[in-house]
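*Asks:* Shown below is the structure under consideration.
The values are calculated or read from the model by the stated rules, or taken from the named source; none is laboratory data. What you see is a predicted model; the values in this text were computed from it and never measured. As a convention, Cβ positions derive from the backbone with ideal geometry for all residues, glycine included, and neighbour counts pool all protein chains shown. Accessible surface areas use protein heavy atoms only, side chains included; no ligands, DNA or RNA. Shrake-Rupley method; radii C 1.70, N 1.55, O 1.52, S 1.80 Å.
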Amino acid sequence: MSLAAAAHGFLSPTGVEIAFLLVGLVTFGAALVTVTTRQLVHAALWLVVALGGLAVEYLLLTAEFIAWVQVLIYVGSVVVLLLFGLMLTKAPIGRSPDADSGNRWAALTVAGAAAVALVWVVVDAFRTTWIDLSGPAAGSTRVTGESLFRNWVLPFEALSVLLLAALVGAIVLSRRAKADANATPPAVAIAGEKEGAR
């Protein structure tokens, strides 16, 4: 056990650990509301709170670069893209009964299994790892950036292509719906021609 682990235990948390726990509870609550609300716009706005809470958690772990990447990419790009998609497809503003597919128990089972597996993997991988929050930051922006754009550049670019495809799809759907609304039904057009002939 390292010096940081021996300095305090679970019964004597520091201020940073208390703040981390409180922000984590707020983030968990926002994520829960995001997936349970039936108003699509509210879900997108609660997603902003959840992603912002994750950025605060990264800041509390002295990972400033990852925190600002979280804000710029997820809060600043992904959520804005979702809101643009909702506006372009003319999603309902109020409660939408179509937002619930009826497979709630299957979704809860899969989500619970995924959460248990994720917690087990993280606890098993970092069981003896302690972060000294009062010491200097372990990784710099340069090291993190080099690792991101050397080892993870393909998933990074794939995500950007996926976001572009989602935006183009939203535009295509909105234009198609607009064209269908402006199109005159054949029966109305024929009736108009008959009245003109009279």
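*Asks:* Using beta carbons and a limit of 9 Å, which pairs, at least six apart or on different chains, have the first residue in the stretch 105-121 and within 20 Å of Thr36 (Cβ to Cβ) and the second one modelled with pLDDT under 90 and hydrophobic (A, V, I, L, M, F, W, C)?
*Replies:* That search, which allows pairs on different chains as well, returns Ala107/Val35; Ala111/Val35.
*Asks:* Identify all residues within the stretch 17-34 that are of a type in the set (Val, Ile, Thr) and surrounded by 14 or more Cβ atoms within 10 Å (Cβ to Cβ); write none if there are none.
*Replies:* Result: Val23, Val26, Thr27, Val33, Thr34.
*Asks:* Among what's in the stretch 94-131 and is in a loop (DSSP other than H, G, I, E, B), of a type outside the set (Gly, Ala, Ser) and open to solvent by less than 90 Å² (accessible area, probe 1.4 Å), pick the residue that is modelled with the lowest pLDDT.
*Replies:* Of all residues in the stretch 94-131, those in a loop (DSSP other than H, G, I, E, B) come to 94-96, 100-103, 126-131.
Subsequent filtering for residues that are of a type outside the set (Gly, Ala, Ser) retains 95, 100, 103, 126-131.
Now narrow it down to the ones that are open to solvent by less than 90 Å² (accessible area, probe 1.4 Å): 100, 129.
Values: Asp100: 64, Thr129: 71.
Checking each candidate, the answer is Asp100.
*Asks:* Tell me yes or no: at least one residue of the stretch 32-44 is in a helix (DSSP H, G or I), touching a Phe, Trp or Tyr at 6+ places or on another chain (Cβ under 6 Å) and within 24 Å of Leu159 (Cα to Cα). Step through it out loud before you land on a result.
*Replies:* Keep residues of the stretch 32-44 that are in a helix (DSSP H, G or I), which gives 32-36, 40-44.
Still in the running and touching a Phe, Trp or Tyr at 6+ places or on another chain (Cβ under 6 Å): 33-34.
Filter once more, so that each one left must be within 24 Å of Leu159 (Cα to Cα): 34.
The answer is yes, given that some residue of the stretch 32-44 is in a helix (DSSP H, G or I), touching a Phe, Trp or Tyr at 6+ places or on another chain (Cβ under 6 Å) and within 24 Å of Leu159 (Cα to Cα).
*Asks:* Follow-up. Need pairs with beta-carbon distance below 8 Å; first residue in contact (Cβ under 8 Å) with a residue 24 or more places away in the chain and farther than 19 Å from Ala111 by Cα and within the stretch 21-41, second surrounded by 12 or more Cβ atoms within 10 Å (Cβ to Cβ) and of a type in the set (S, T, N, Q); sequence gap 6+ or separate chains.
*Replies:* Filtered contacts from the stretch 21-41: Gln39/Ser96; Leu40/Ser96.
*Asks:* Can you tell me how many residues within the stretch 61-87 are open to solvent by less than 60 Å² (accessible area, probe 1.4 Å) and either assigned to a loop (DSSP other than H, G, I, E, B) or at pLDDT below 75 (or both)?
*Replies:* Total meeting the criteria: 4.
*Asks:* Go through Leu154, Leu167 for me and flag whichever is surrounded by fewer than 10 Cβ atoms within 10 Å (Cβ to Cβ) and at pLDDT 65 or above.
*Replies:* Details: Leu167 fails: surrounded by fewer than 10 Cβ atoms within 10 Å (Cβ to Cβ).
Going through Leu154, Leu167 in turn, the sole match is Leu154.
*Asks:* Pick from the stretch 42-60 the residues that are open to solvent by 40 Å² or more (accessible area, probe 1.4 Å), touching a residue at least 12 places away in the same chain (Cβ under 8 Å) and more than 13 Å from the chain's Cα centre (by Cα): which of them is farthest from Ile171 (Cα to Cα)? So that I can check it myself, show each step before the final result.
*Replies:* The initial filter retains those residues of the stretch 42-60 that are open to solvent by 40 Å² or more (accessible area, probe 1.4 Å), namely 42, 45-49, 54, 56, 58-60.
Okay, now just the ones that are also touching a residue at least 12 places away in the same chain (Cβ under 8 Å), so 46-49, 54, 56, 58, 60.
Cutting the leftovers down to more than 13 Å from the chain's Cα centre (by Cα) gives us 56, 58, 60.
Values: Val56: 33, Tyr58: 34, Leu60: 39 Å.
If we take residues in the stretch 42-60 being open to solvent by 40 Å² or more (accessible area, probe 1.4 Å), touching a residue at least 12 places away in the same chain (Cβ under 8 Å) and more than 13 Å from the chain's Cα centre (by Cα), then Leu60 is farthest from Ile171 (Cα to Cα).
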